[in-house]
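A short worksheet on the structure shown next.
The values are calculated or read from the model by the stated rules, or taken from the named source; none is laboratory data. Predicted model only: the values in this text are computed from it and were never measured. As a convention, Cβ positions derive from the backbone with ideal geometry for all residues, glycine included, and neighbour counts pool all protein chains shown. Surface accessibility is based on the protein's heavy atoms, side chains included, excluding ligands, DNA and RNA. Shrake-Rupley method; radii C 1.70, N 1.55, O 1.52, S 1.80 Å.
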Amino acid sequence: MNASIRNERFLLTLARRAHENLSEVEQTFFRLKRYFLDEMPPTSGNGAQFKTIVVVFTGLPPDEVPSIINGLHVRLKPRFVDDGLMLGEFFSNCEKEGLRNPKFRPLRSETPLIVIRSMVQTDIAFLTDDAAFVRAYLSKFQANGVDEVLSLLEQRPHIPRDRVAMLLNTVAEFGGPPVEKDGPPAFSRRPGY
């Protein structure tokens, strides 16, 4: 965020009383996505990864904030991830855990908001619940993405077995190590991966 502000690649906008017309809010997000990708400078190169759009929500009924923000996030995420973008959902009682500390709640904010930013390699940790997300991630990062997925599996032995299998099968589609047919999934790195 600091780099985004420092490099003047930060846009802040408001969504007022979004609960009154959620389909219109979703269309606004799709317009913001197009603006982010096609018009907000820079549209390519290393500097593009520092762009950020923050949508601040005002006038929401307090008891509906979690369902509104989470609902928008769930519905919008597939189309954003397909284009190499990430969405972050923030509100006061967001229960999502930190990557390294399960007691830390990094997505808590007194003001509800959704952040649009470019996907980075470490984002695989937020994409492991859906094979389509993993494919979009690997399409963007290719061999480096394969390495990142394998690294995640090495660092997090508590990932459920079915999710590990999905991740390994998806990695294999992108030239990663093949999945063993019998026995536990293998995810040790081999030379060249």
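Taking the longest Cα principal axis of the chain as reference, the axis of helix 161-173 is set at about 80 degrees.
The residues of the chain expose on average 56 square angstrom of accessible surface per residue, using a 1.4 Å probe on protein heavy atoms.
Largest first, the residues His73, His19 sort by 1.4 Å accessible area into His19, His73. Counting each DSSP H run of 4 or more residues in the chain as -39500 (n - 2.57), what helix-only mean residue ellipticity at 222 nm follows after dividing by all residues, to the nearest 500 deg cm²/dmol? Taking each H run of at least 4 residues, the total per residue is -13500 deg cm²/dmol. Distance distribution P(r), the chain, all Cα-Cα pairs, bin width 5 angstrom from 0: 1, 7, 15, 17, 17, 16, 12, 8, 4, 2, 0 percent. Once the Cβ-Cβ distance of Ile159 and Met1 is raised to the sixth power relative to R0 = 41 Å, the FRET efficiency obtained is 0.90. Among the protein heavy atoms of the chain, carbon and sulfur supply 50% of the accessible surface, probe 1.4 Å, non-protein parts ignored.
Can you classify segment 72-164 as rounded, prolate or oblate using the Cα gyration tensor, where a ≥ b ≥ c are the square roots of its eigenvalues, rounded means a/c under 1.5, and otherwise it's prolate if a/b beats b/c and oblate if not? Here segment 72-164 falls in the oblate category. Only one residue of Ser44, Asn21, Ala131 has its Cα farthest out toward the positive end of the dipole of the chain, where Lys and Arg carry +1 and Asp and Glu -1 on Cβ, and that residue is Ser44. Can you classify segment 129-174 as rounded, prolate or oblate using the Cα gyration tensor, where a ≥ b ≥ c are the square roots of its eigenvalues, rounded means a/c under 1.5, and otherwise it's prolate if a/b beats b/c and oblate if not? It is oblate, given that a/c is not under 1.5 and a/b is not larger than b/c.
Once both labels are positioned 7 Å from their Cα atoms along Cα-to-Cβ, the gap between Gln142 and Thr111 label points is 4.0 nm.
Using 19 Å as the Cα-Cα cut-off, could you pick out the over-long pairs in Lys77/Lys140; Lys103/Lys140; Lys51/Lys140?
In this structure, Lys103/Lys140 exceed 19 Å between Cα atoms.
One chain, two ends: Gln121 and Thr28. Fully extended at 0.36 nm per residue, the span grows by 30.8 nm beyond their Cα-Cα distance.
Within a straight-line Cα-Cα reach of under 13 Å, Lys33 can be paired with the following aspartates and glutamates, leaving aside sequence neighbours fewer than 8 residues apart in one chain: Asp82, Asp83.
Dividing the mean sequence gap of close Cα pairs (under 8 Å, 6+ apart) by how many residues segment 20-123 holds gives a relative contact order of 31 percent. If you add up the charges near Glu95, with Lys and Arg at +1 and Asp and Glu at -1, over every other residue whose beta carbon is less than 13 angstrom from its beta carbon, what do you get? For residues surrounding Glu95, the net value is +2.
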